[in-house]
Amino acid sequence: MPQKDKSQENPSAFKLWINDRVVTKIAKAIESEYPSFKTNEFKKLSKQLDPLELKGRVLLITAELKKHLPDDYKKSLSILVKAMEKGDLTGFELWPFSEYISQFGLDHFDDSLKAMYKLTQRFTSEWAVRPFLLKDHKKVLNILSKWTDDKSVHVRRWISEGTRPLLPWGQRIPLFVMDPTHTILFLDKLRHDEELYVRKSVANHLNDIAKNHPQVVIDVLRMWSKDVPTEHQDKINWIKRHALRTLIKKGHPGALKLMGVDGKADVELGKVTLNQKKFKLHDKLTFEFTVTSTSKKKQKIVVDYAIDFVKANGKKGKKVYKLKSFDLGPNEEITLKKSHSLRPITTMKYYSGIHHLMIQVNGEMMDKKDFFLEI
C-alpha cells in the first residue's frame, strides 16, 4: 500500500480544533444542564474523529447530539443554550451547537434566531443562519434589522457576515448573489461602525458583491465617499480599499478611478530579480524591482504581484496578491522588495513545475519571471 504523502500536511490543521478533549467538554457542559445525557455513550464518538476533517467532525458531533438530546427541539435548544451560557466552551468548540440549530431549527424561526443571537456572541452564527435565509429571507432580514445597533460587536458583525452572498464555508444564497440590494441596507447602517471587526465584514461583503456586480459596489462606495462626515472619512477609505481589492487586482477601470488611479501608469519597470531560481516547499520567494515615473505629473500607483501556480492537470492557475499603493512624483524612482512564503496551506496544494511570477501596475501586467518549484 503506498504511503500517504505528508510533505504538505499542516501541523495546525483546522480539524484539530475539534478533538476528543472537546467532545468531553461538550458532554460535561450538557450533562450539567441535562443529567439524563448519556455522557459515556456520547464520548465514544471520539474514536471516529481521526480520519475526518473539521466540518466532518462537527457533523458527527451534531448527529450524536441529536441522538442523545430530547426529541422536542425547544427543550434541546434550551439545554444547549444553558450549557453554552454556564459552561466554558469557546470558539469552534461551539460549532456543533450552531450546526444543531441550522439542521433542526427551521420550523422554529423565532426561537432559533434568538438562540443564534446569544450564540454568536460566543461563536459566530454566520453559517447557522444560512438555511433560515434560504427558507424565508424576508423574515430573517426583518429580525436582523432590529440588531444593527446592538451593543455587541459580535452581533453587529454577524448581520453583515451572515448575509454575505459568497460566505466562505457557508451555503450560497442565490437570491443575494443575483440581487445585492437585499443586504446593502445593512451595510449602509454599519459602514461607520466604531469597530474595525464590523467594518472589515462590511468590506468583505462588498467584495463578494463586486465579483458579480462591480458597478453596484463602485456606485455604493462613491456615494459613501461623497456623503461621509469628516470624522468617518478614514473608516470609509479603509472599507473602500478592502472592498475593491478583487476589482483592483483585475485592473477594473472604475475601481481604480475610485481609488484615485487614472488608468495606465506612465512608468518603467526595472529588472525583476529573484533570490534563487529553484525553490522547495517552505522556502521564501523574494523578489525586487524598481518603478520609475516617466510622467511630468504625480501619479497614484497600485502595484500587485501574481503567481501562476502549476495545477494538478499541469495547467496554470493565477492568484493575485497586494503589494503596495503609493504616490509617485515626476521622474521619481522607488524600489520594491517582497518575500512570499511557499509554505503549505490547507486551502491549496502545490505541484512541481515551472511557475510564473508577474508584476502588475495599475492592473496591467508589466513583467513576468519564471521559477521552478520542486515538491
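Each stretch of four or more DSSP H residues adds -39500 (n - 2.57); spread over every residue of the chain, this sum gives -12500 deg cm²/dmol at 222 nm.
When the chain is treated as a Gaussian network with alpha carbon springs shorter than 10 Å, the biggest mean-square fluctuation among THR90, THR163, THR347 belongs to THR347. Annotation note: chymotrypsin sites (Phe, Trp or Tyr not before Pro) in the stretch 140-182 located in DSSP loop regions with a Cβ neighbour count of at most 12 within 10 Å are TRP169. Taking other residues whose beta carbon is less than 11 angstrom from the beta carbon of THR124, and scoring Lys, Arg as +1 and Asp, Glu as -1, yields 0. Summarising the label geometry, the points placed 7 Å from Cα in the beta-carbon direction at HIS282 and ARG241 lie 3.4 nm from one another.
Let a ≥ b ≥ c be the square roots of the eigenvalues of the Cα gyration tensor of the stretch 16-104; is it rounded (a/c under 1.5), or, if not, prolate (a/b larger than b/c) or oblate?
Values: a/c = 1.45, a/b = 1.40, b/c = 1.03.
Since a/c stays below 1.5, the shape of the stretch 16-104 is classed as rounded.
Please list, by residue number, every one of the GluC sites (Glu not before Pro) in the stretch 123-225 that is coil in DSSP and has at most 12 other beta-carbon atoms within 10 Å. Loop-located and lightly packed - GLU194.
For the chain, calculate the relative contact order in percent as a whole number, restricting contacts to Cα pairs under 8 Å that are 6 or more residues apart. Spell out each step's value before the answer.
Values: 580 pairs, mean separation 41.3, N = 375.
The value is 11 percent.
Loop-located trypsin sites (Lys or Arg not before Pro) in the stretch 303-375 (DSSP state other than H, G, I, E, B) with a sparse environment of at most 14 neighbouring Cβ atoms within 10 Å: LYS311, LYS315, LYS349.
First check a/c for the stretch 250-340, with a ≥ b ≥ c the square roots of the eigenvalues of its C-alpha gyration tensor; if it is under 1.5, answer rounded, and if not, answer prolate when a/b is larger than b/c or oblate otherwise. Kindly include the intermediate steps, with their values, before the conclusion.
Numbers: a/c = 2.85, a/b = 1.59, b/c = 1.80.
Since a/c reaches 1.5 but b/c is at least a/b, the shape of the stretch 250-340 is classed as oblate.
Accessible surface calculations at 1.4 Å, restricted to protein heavy atoms, place the chain at 52 Å² per residue. Going by the alpha-carbon gyration tensor, a ≥ b ≥ c the square roots of its eigenvalues, is the stretch 313-364 rounded (a/c under 1.5) or, if a/c is not under 1.5, prolate (a/b greater than b/c) versus oblate? Judged from the Cα gyration tensor, the stretch 313-364 comes out prolate (a/c at least 1.5, a/b above b/c). The angle between the Cα long axis of helix 233-243 and the main principal axis of the chain comes to about 90°, on a 0 to 90 degree scale.
If a spin label sat at a point 7 angstrom from the Cα of LEU16 along the line to its beta carbon, the backbone N atoms of the stretch 36-59 nearer than 18 Å would be those of 49-58.
Percent of accessible area on the chain owned by carbon and sulfur, 1.4 Å probe?
Values: 9560 of 19400 Å².
Taking all protein chains in place, the chain shows 49 percent carbon and sulfur surface.
Could you tally the net charge around ASN331, taking each other residue with its Cβ under 13 Å from the Cβ of ASN331, Lys/Arg +1 and Asp/Glu -1? Here the charged neighbours net out to -1. Just to be sure I understand, if you calculate P(r) over Cα pairs in 10 Å bins from 0, in percent for this structure, which of (1) 5, 19, 23, 24, 18, 8, 2, 0; (2) 5, 22, 28, 22, 14, 7, 2, 0; (3) 5, 13, 12, 12, 11, 10, 9, 7, 5, 5, 4, 2, 1, 1, 1, 1, 0, 0 do you get? Comparing each candidate, only (1) matches the computed number.
Using the Cβ atoms and a cut-off under 12 Å, what net charge is assigned to the surroundings of VAL140, where Lys and Arg are +1 and Asp and Glu are -1? Don't jump to the answer; show the numbers that get you there.
Details: positive: ARG130, LYS135, LYS138, LYS139, LYS146; negative: ASP110, ASP136.
Within the 12 Å Cβ shell, the charges total +3.
The angle between the Cα long axis of helix 20-33 and the main principal axis of the chain comes to about 50°, on a 0 to 90 degree scale. What residues of the stretch 112-149 lie in the reach of a label at MET178, counting those whose backbone N is under 11 Å from a point 7 Å from the Cα along Cα→Cβ? None, by backbone N distance to the label point.
Extending 7 Å from the Cα toward the beta-carbon at both ASN275 and PHE109 defines two label points whose distance is 5.6 nm.
The values are calculated or read from the model by the stated rules, or taken from the named source; none is laboratory data. Remember, it's a predicted structure, so these values are computed and weren't measured experimentally. Please note: Cβ atoms are built from the backbone with ideal geometry, for glycine as well, and neighbour counts cover all protein chains shown. Quick note on the areas: whole protein, heavy atoms, side chains included, nothing else; ligands and nucleic acids left out. Shrake-Rupley method; radii C 1.70, N 1.55, O 1.52, S 1.80 Å.
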